[in-house]
Amino acid sequence: MTIYEIEGGKPMAGELTAQGAKNSALVLLSAALLAKDVTVLKNCPEIRDVAAQLEILQSLGCVCSREGSTVAVDATGVSSTEVPQELMRQMRSSVTLLGALLGRCGTGSIHTPGGCAIGARPIDYHLQAFADMGVVIEKEGDHLSAAMRQRKDSIVMLPFPSVGATENVMLLAARLPCTTVLSGAAREPEIVDLAKLLNQMGAVVMGAGTDTVTVRGSNCLNGAQHTVLPDRIAAATDLCAAAVTGGSLTLRSVAVRHMGAAIEALIRSGCEIRSEEGAVFLKAPKRLSGMGILRTMPYPGFPTDLQAPFVTLAATAEGDSVMVENMFENRYQHVPQLHRMGADISVSGRVALVRGRPLHGGQVEAEDLRGGAALLLAGLGAEGNTKVHDAQHCIERGYERITERWNSIGASIRVQSLA
């Protein structure tokens, strides 16, 4: 367990550099399986999820190494096509290993993926897409085996723009000597980042970032060197930290174009924001304002991963806000914890009505990654001291050196690690 003890009411001011994107790094590591030599990823964040993904790759026969923010994966000696159950359940993103294993080896076995308990996230879209591409799938309990039976040109249609399903299709298609057209694809920046790496490896991926992606694959892909894009979710969380404390922040090495919905919401909260290529400058008012209605949507809409942090901002603001969670049905687990700190939040189904008021310190528990970050934010903006108990190390799954970085610009967070 990790306990974060936060002394609230300290305005944060200074400059930070954004970390590499968790959601991109994980699928790029899956893509490394497709090459029969070395893939090098720069700007790869040092977080628990990346460490878990590297451990899985090593269990499959890859040789992995890290030097600072650079990770190298040598997939020359892949010797297994089954992801160990205990590793698979550490995070949901490991499901993209199935597409990579099918592309590299023609077969793959996984178990039900883990990750945060934020609601039902079935992989039916992934499995139907694979079937459309010539894959035969067998399920027994939570164990799933898949085998490539027919390599053929394919048209795949997703009924919902699932990021994971889009990535899985692209990974498999990149290693097939035929053409795959994917309609209804997710448009997230992480999809574009994956396409860039696959193109460097020797596949031809067109249309990434739109709802139709075409992949002309190859049965021989080379390793490549690639820089992971900046993490738009972690960057927005940094901005929220400055905002909730009435502070100011210069955030560098960010992809401003990917953060439009978050920046718009911060402006609605009363923050002054300027941006230039690769940098965002935020100055917060002494008290944030209500933000009206925010609805989580697929990119380029407001990200579901920022719902919890922005609910915290709304809880501390002057005025009312409404959050509509359209992506997951169980993503308000942080709300009862915020109630312990004096928040006035009413949840009905997927809608949360937030009546802003000053928060006070308290003892709360992190139950998922983004909810854990939201509780840290609440502690920063509250009066008094707050202890965030993170039994599952949720926060460390996605945020790189978060306390060290925030303390460097004025926060007061002490960390206690218990066995």
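Going by the conditions given, is residue 405 charged (D, E, K, R) and under 20 Å from residue 265 (Cβ atoms)?
Considered against the rule, which asks whether it is charged (D, E, K, R) and under 20 Å from residue 265 (Cβ atoms), residue 405 comes out as no.
Name the residues in the stretch 243-262 that are closer than 13 Å to residue 284 by Cα and assigned to a helix (DSSP H, G or I), would you?
Of everything in the stretch 243-262, those that are closer than 13 Å to residue 284 by Cα and assigned to a helix (DSSP H, G or I) turn out to be 243, 244.
Could you identify the single residue in 304, 237, 312, 245 that is surrounded by fewer than 23 Cβ atoms within 10 Å (Cβ to Cβ), of a type in the set (S, T, N, Q) and at pLDDT 95 or above?
From the options 304, 237, 312, 245, the qualifying one is 304.
Would you check if residue 165 is assigned to a helix (DSSP H, G or I) and surrounded by fewer than 16 Cβ atoms within 10 Å (Cβ to Cβ)?
no
Taking into account only those residues within the stretch 1-55 that are among the β-branched types (Val, Ile, Thr) and crowded, with 24+ Cβ neighbours inside 10 Å, which is farthest from the chain's Cα centre (by Cα)?
Result: 6.
Quick check on the stretch 283-301. Is at least one of its residues touching a His at 6+ places or on another chain (Cβ under 6 Å) and under 20 Å from residue 19 (Cβ atoms)?
no
Among the residues of the stretch 187-200, is there at least one that is without any contact (Cβ under 8 Å) to a residue 24 or more places away in the chain, within 23 Å of the chain's Cα centre (by Cα) and farther than 26 Å from residue 16 by Cα?
yes
Has the stretch 333-349 got at least one residue that is more than 19 Å from residue 387 (Cα to Cα), in contact with a strand residue (DSSP E or B) (Cβ under 8 Å, 6 or more places away or on another chain) and basic (Lys, Arg)?
No; the residues of the stretch 333-349 include none that is more than 19 Å from residue 387 (Cα to Cα), in contact with a strand residue (DSSP E or B) (Cβ under 8 Å, 6 or more places away or on another chain) and basic (Lys, Arg).
Among the helices (runs of 4 or more DSSP H) confined wholly to the stretch 4-91, which include 2 or more residues that are at pLDDT 95 or above and touching a helix residue (DSSP H, G or I) at 6+ places or on another chain (Cβ under 7 Å)?
Of the helices (runs of 4 or more DSSP H) lying wholly inside the stretch 4-91, those with at least 2 residues that are at pLDDT 95 or above and touching a helix residue (DSSP H, G or I) at 6+ places or on another chain (Cβ under 7 Å) span 22-31, 48-59.
What's the number of the only condition in (1) in contact (Cβ under 8 Å) with a residue 12 or more places away in the chain; (2) not in a loop (DSSP other than H, G, I, E, B) that residue 392 fails to meet?
If we test residue 392 against (1) in contact (Cβ under 8 Å) with a residue 12 or more places away in the chain; (2) not in a loop (DSSP other than H, G, I, E, B), just (2) comes out false.
Residue check: is residue 253 surrounded by fewer than 22 Cβ atoms within 10 Å (Cβ to Cβ), hydroxyl-bearing (Ser, Thr, Tyr), touching a Pro at 6+ places or on another chain (Cβ under 7 Å) and assigned by TED's automatic domain parsing to the domain that holds residue 359?
So residue 253 fits the description; yes.
Determine whether the stretch 342-363 contains at least one residue that is over 15 Å from residue 245 (Cβ atoms) and assigned to a helix (DSSP H, G or I).
no
Sort out which residues of the stretch 50-95 are under 16 Å from residue 37 (Cβ atoms) and of a type in the set (A, V, I, L, M), and write them in order of number.
The answer is 57, 60, 63, 71, 72, 73, 75, 78.
Among the residues of the stretch 193-242, write down those that are of a type in the set (Val, Ile, Thr) and either touching a Lys or Arg at 6+ places or on another chain (Cβ under 6 Å) or outside any loop (DSSP other than H, G, I, E, B) (or both).
204, 205, 210, 212, 213, 214, 215, 227, 233, 237
Determine whether residue 381 is assigned by TED's automatic domain parsing to the domain that holds residue 241, modelled with pLDDT under 95 and small (Gly, Ala, Ser).
So residue 381 fails the test.
Only one residue in 183, 218 is surrounded by fewer than 24 Cβ atoms within 10 Å (Cβ to Cβ) and either touching a residue at least 40 places away in the same chain (Cβ under 8 Å) or of a type in the set (A, V, I, L, M, F, W, C) (or both), so which one is that?
Only one candidate qualifies: 218.
Please determine, by comparing only the residues of the stretch 263-295 that are among the acidic types (Asp, Glu) and in a strand (DSSP E or B), which one is farthest from residue 316 (Cα to Cα).
For the stretch 263-295, the residue satisfying everything is 276.
Would you confirm whether or not the stretch 192-199 contains a residue that is crowded, with 21+ Cβ neighbours inside 10 Å and among the basic types (Lys, Arg)?
No, that holds for no residue.
The values are calculated or read from the model by the stated rules, or taken from the named source; none is laboratory data. Since we're looking at a predicted model, the values are computed, not measured. Cβ: placed from backbone, ideal geometry, glycine included. Neighbour counts: every protein chain shown.
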